[in-house]
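One structure is given below, encoded as structure tokens.
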Amino acid sequence: MVVPHPFGCQLGLVMFLSQFPFCGFFLSSQKECLVEEFYSNDGVNGNWSLFWRRTLFQWELDLLGSLKELLEPVRLSSVEDFWRWLPNTDGTFSINSSYNYLVKELRYSEGLDFEAAEVFKQLWESPTPSKVIAFSWQLLYDRFPSRSNLIYRGILAPDAPRDCVGCVGVVESSNHIFFHCSNTFFLVWNAIFRWIGVVVVIPPNSSVLFEVIRGAAKSNKDRQGFLMIWHATLWTIWKTRNNIFSNGSIDSTVMVDEIKVLSWRWSLATTKMSPCLFYDWTWDPGDCLSR
Ligand SMILES: [Zn+2]
């Protein structure tokens, strides 16, 4: 038991220091003590010996009662402490267990329905660079810096301009940027659908589109490739939107060409398909993916 002080401890998700700031650490006369100097165990019950710099007020005694209730089930041993990563059953840290833990937490806190939760599970099944998938992940949660989000989170002032940077008189929300802005981005999606040979009516949001494109694929290879193109399209739209701030312009033809180049490069780098020429890729990506 070498934890510096019980108020530096955490029980489950409760950090004692933040839950009991006044009747805890600040009034303690044992700030330098170790937990083992507070705690004794007679083999059946654990006892905490806490001392204070002054007599506690009634409200502080009430808080202290709550603290003792929390500590009641705690049974400490004299075995040396060690770090343990709770999201993994064997106690070791891994990126995979961290990701699954966060997904579960977000799903719980956001109240995701079954369909949305399935999209998040399948999102990473694509040979797309992880930074791009991470961006799509943020977008699906609507946690990316659109103007409406920046104002909502207090990063921009409430009276800051919230109009879309690509058109006039429309609030810049995620659905607007990626699906409805000035028909330009709408044109991009339509060109991409024609290119991959999928007939789609623009859906209300990116997660529905994800499922539609996924469902339109004829094979697993197609599916992975189409989702890669879905990621490339979102990524290119966002980059084009940001370039407007450095005197860039929106040209749907240029954007579609960029999406084809990006997805072709990613397909060569990360998919198991046989290498194909850029000409073949622009002509029929489905044929390249099935090789
Ligand atoms: Zn717009």
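FYI, it's all coordinate maths here, none of it is from the lab. In this text, all values refer to a predicted model and were calculated from it rather than measured experimentally. Methodologically, a virtual Cβ is constructed for each residue, glycine included, from the backbone with ideal geometry; neighbour enumeration extends over all protein chains shown.
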Q) In deg cm²/dmol and to the nearest 500, what is the mean residue ellipticity at 222 nm of the chain if only DSSP H runs of at least 4 residues count, each as -39500 (n - 2.57), divided by the residue total? A) -14500 deg cm²/dmol
Q) Looking at the chain from every direction and averaging, what is the projected area of its Cα convex hull in nm²? A) 22.4
**Q.** Proximal charge balance of residue 137 [Cβ under 12 Å; K/R count +1, D/E count -1]
**A.** +2
Q | Whole-number percent relative contact order across the chain, with pairs defined as alpha carbons under 8 Å at least 6 apart | A | 12
Q: Pull up the cross-link candidates among the lysines for residue 218, meaning alpha carbon to alpha carbon under 18 Å and not fewer than 8 places away within one chain.
A: 272
Q. Which residues make up the longest stretch of the chain that has no chymotrypsin sites (Phe, Trp or Tyr not before Pro) in a DSSP loop with at most 16 other Cβ atoms within 10 Å?
A. 142-291
Q: Excluding residues fewer than 8 places away in the same chain, name every one of the lysines whose C-alpha is closer than 20 Å to that of residue 31.
A: 68
Q: At 0.36 nm per residue, minus the direct Cα-Cα distance, what do residue 134 and residue 284 gain on full extension? Give it in nm, one decimal, please.
A: 51.3 nm
Q) Quick one: if you stick a label point 7 Å off each Cα along the C-beta vector at residue 52 and residue 92, how many nm between them? A) 4.7
Q.
Using 25 Å as the Cα-Cα cut-off, could you pick out the over-long pairs in 104/260; 131/239; 221/260; 104/131?
A. 104/260
